[in-house]
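Have a look at the structure below before the remarks.
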Amino acid sequence: MVENPFIVKGYESADFFCDRDAETAEIIANIQNGRDTTLISPRKYGKTGLILHVFEMAKKKRLKIDTLYVDIYATLSLDDLTKTLAESMLRAFPERTSVGKMFLSVLKGLRPTLTYDSISGAPQLQFNYGSVAEKEYTLKSLFEFLNSRDKGVVLAFDEFQQISEYPEKNVEALLRTYTQSMRNIRFIFCGSKKRLMAEMFTSAGRPFFSSTSLLTLGKIDGEKYAEFIKQHFSNVGRSIDDESVAWILHWTRRHTFYTQSLCNEVFAQGVNVTLPIVKAAAQDILSRESSYFLQYRELLTRQQWLTLIAIAKEGKVSKITSAAFLQKYGIGSITNVRRAVESLQEKELLLASDTKEKKEYRVYDVFLSHWLEQEF
Ligand SMILES: Nc1ncnc2c1ncn2[C@@H]1O[C@H](COP(=O)(O)OP(=O)(O)O)[C@@H](O)[C@H]1O
Ligand SMILES: [Mg+2]
């Protein structure tokens, strides 16, 4: 039950999901034509939402597939991945169903310890491996179970770049071997660390090279987003003027999460919306987040902090080492600024967008960007 149509968490239904029609069609076509998909975009553009939307649409179209979503963001090793995959399968195939019973018997053969989380009641597994071979056998058995279903299975791994942090050797090669041989599973590999993901899937010599269809998710079209926003106000008999909608889309840079958040805040005011209301709502968001933003100052070096403020004040910077930029903000030498930019990018505080012509830097978090611009 959603009372505010501008959701800021997860996926609700197609009614609350703006556009992405072309991307949805593309992924569904991939699924239907036996192709795996790699989905890349900056954080909070809407990758997870899109996967869940694709699953929903596949269900509506009555495609004969099971869908499985596995978020591996929190996994630190191949063991964790195996465990997370098995837990997702337990949730997707409940014990009362026939497939659930089959899965449980396969699982029991792998001799895990099964417990239930005391708060959420979610199943939790622990595998006890005697050897590396046993470990790999367990993961392979999970894939093989999915592969053996007469229905096809779409398996989405979210935050897939995480596998590059695993301590085990040859994780990529191992996964590639498994995924390649599973004819009944269509994979979606999703990730926000562009460099890591792009290297994994587009560098010759890497196991996953050229094995999937690449989809880079951009921003939602401005006109479609404007239409979506106005529609949801008029659905409940309220209005928002064009000027307000344009300001929202501009100020949030159409970065989906931030646009949704501001719309949510504005909608919560419960009135017909004009520009002063939007601006006040934006200000409310910034003041609410300010104590959280202030902590960055403690976590960053002085050089990094000053560089971040300078980029926030510019909005976007393409010539990060130009004399004009360095002098305007008095932020030190080319070498120091370059190093600061690199580590800010590493920490995902800066977002580099490379268009064909130039590389542009912005503060990743749109609200932080406006707050820095205002406060310093
Ligand atoms: N097409 C969309 N229409 C409306 N809201 C969306 C859309 N895509 C994503 N969102 C919302 O934006 C936020 C960020 O999306 P998410 O899918 O989590 O991004 P990502 O996985 O790329 O980090 C979420 O709150 C989600 O509900
Ligand atoms: Mg996500």
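The values are calculated or read from the model by the stated rules, or taken from the named source; none is laboratory data. Just so we're clear, the structure is a prediction, and the values are computed from it rather than from any experiment. Reconstructed Cβ throughout: ideal geometry from the backbone, glycine too, with neighbour counts over all protein chains shown.
The table below lists the values:
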| quantity | calculated |
| --- | --- |
| In segment 83-100, the residues that are among the acidic types (Asp, Glu) and surrounded by 15 or more Cβ atoms within 10 Å (Cβ to Cβ) | Glu87 |
| Unmet criterion (only one of (1) surrounded by fewer than 21 Cβ atoms within 10 Å (Cβ to Cβ); (2) part of a loop (DSSP other than H, G, I, E, B); (3) in contact with a Phe, Trp or Tyr (Cβ under 9 Å, 6 or more places away or on another chain)) for Arg206 | (3) |
| Test: residue in segment 217-240 that is more than 30 Å from Val271 (Cβ to Cβ) and within 16 Å of ligand 1 (Cβ to nearest atom) | yes |
| Filter pass, Lys59 being without any contact (Cβ under 8 Å) to a residue 60 or more places away in the chain and in contact with a strand residue (DSSP E or B) (Cβ under 9 Å, 6 or more places away or on another chain) | yes |
| Selection status of Thr256, surrounded by 14 or more Cβ atoms within 10 Å (Cβ to Cβ) and more than 16 Å from ligand 1 (Cβ to nearest atom) | no |
| Residues of segment 48-72 satisfying the condition of being within 7 Å of ligand 1 (Cβ to nearest atom) and in contact with an Asp or Glu (Cβ under 7 Å, 6 or more places away or on another chain) | Thr48, Leu50 |
| Tyr69 vs. criteria within 16 Å of ligand 2 (Cβ to nearest atom), under 29 Å from Val366 (Cα atoms) and in the same structural domain as Gln180 (by TED's automatic domain parsing) | yes |
| Residue within segment 229-236 that is within 26 Å of the chain's Cα centre (by Cα) and aromatic (Phe, Trp, Tyr) present | no |
| Glu12 being acidic (Asp, Glu), surrounded by 15 or more Cβ atoms within 10 Å (Cβ to Cβ) and without any contact (Cβ under 8 Å) to a residue 24 or more places away in the chain | yes |
| Test: residue in segment 108-116 that is part of a helix (DSSP H, G or I), at pLDDT below 90 and in the same structural domain as Asp36 (by TED's automatic domain parsing) | yes |
| Residue among Ala86, Ala92 that alone is more than 16 Å from ligand 1 (Cβ to nearest atom), under 21 Å from Ser181 (Cβ atoms) and in contact with a strand residue (DSSP E or B) (Cβ under 6 Å, 6 or more places away or on another chain) | Ala86 |
| Cβ pairs under 6 Å, 6+ apart, first in segment 170-186 and among the polar types (S, T, N, Q), second surrounded by 15 or more Cβ atoms within 10 Å (Cβ to Cβ) | Thr179/Phe187; Asn184/Asn147; Asn184/Gly152 |
| Number of positions in segment 349-376 that are closer than 17 Å to Lys44 by Cβ and either in a helix (DSSP H, G or I) or touching a Pro at 6+ places or on another chain (Cβ under 9 Å) (or both) | 9 |
| Among (1) among the aliphatic types (A, V, I, L, M); (2) under 20 Å from the mean Cα position of the chain (by Cα); (3) under 25 Å from Phe257 (Cα atoms) - the single one Val154 does not satisfy | (3) |
| Qualifying residue in segment 313-327 (condition: in contact (Cβ under 8 Å) with a residue 24 or more places away in the chain, buried (at least 20 other Cβ atoms within 10 Å of the Cβ), assigned to a loop (DSSP other than H, G, I, E, B) and among the hydrophobic types (A, V, I, L, M, F, W, C)) | yes |
| Gly34 vs. criteria out of contact with any helix residue (DSSP H, G or I) (no Cβ under 9 Å at 6 or more places or on another chain), within 30 Å of Lys169 (Cα to Cα), at pLDDT below 95 and small (Gly, Ala, Ser) | yes |
| Residues located in segment 31-66, provided they are assigned to a strand (DSSP E or B) and either of a type in the set (Lys, Arg) or away from ligand 2 (no atom under 11 Å from the Cβ) (or both) | Thr37, Thr38, Ile40, Ile65, Asp66 |
| Odd one out for Phe6, checked against (1) buried (at least 19 other Cβ atoms within 10 Å of the Cβ); (2) assigned by TED's automatic domain parsing to the domain that holds Thr202; (3) not in a helix (DSSP H, G or I) | (2) |
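Results for (1) part of a helix (DSSP H, G or I); (2) within 16 Å of ligand 1 (Cβ to nearest atom); (3) at pLDDT 95 or above; (4) closer than 26 Å to Arg62 by Cα, shown as yes or no for each residue.
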site: Asp150; (1), (2), (3), (4): no, no, no, yes
site: Val154; (1), (2), (3), (4): no, no, yes, yes
site: Ser164; (1), (2), (3), (4): yes, no, no, no
site: Lys169; (1), (2), (3), (4): no, no, no, no
site: Leu174; (1), (2), (3), (4): yes, no, no, no
site: Arg183; (1), (2), (3), (4): no, no, no, yes
site: Arg186; (1), (2), (3), (4): no, no, yes, yes
site: Cys190; (1), (2), (3), (4): no, yes, yes, yes
site: Glu199; (1), (2), (3), (4): yes, no, no, no
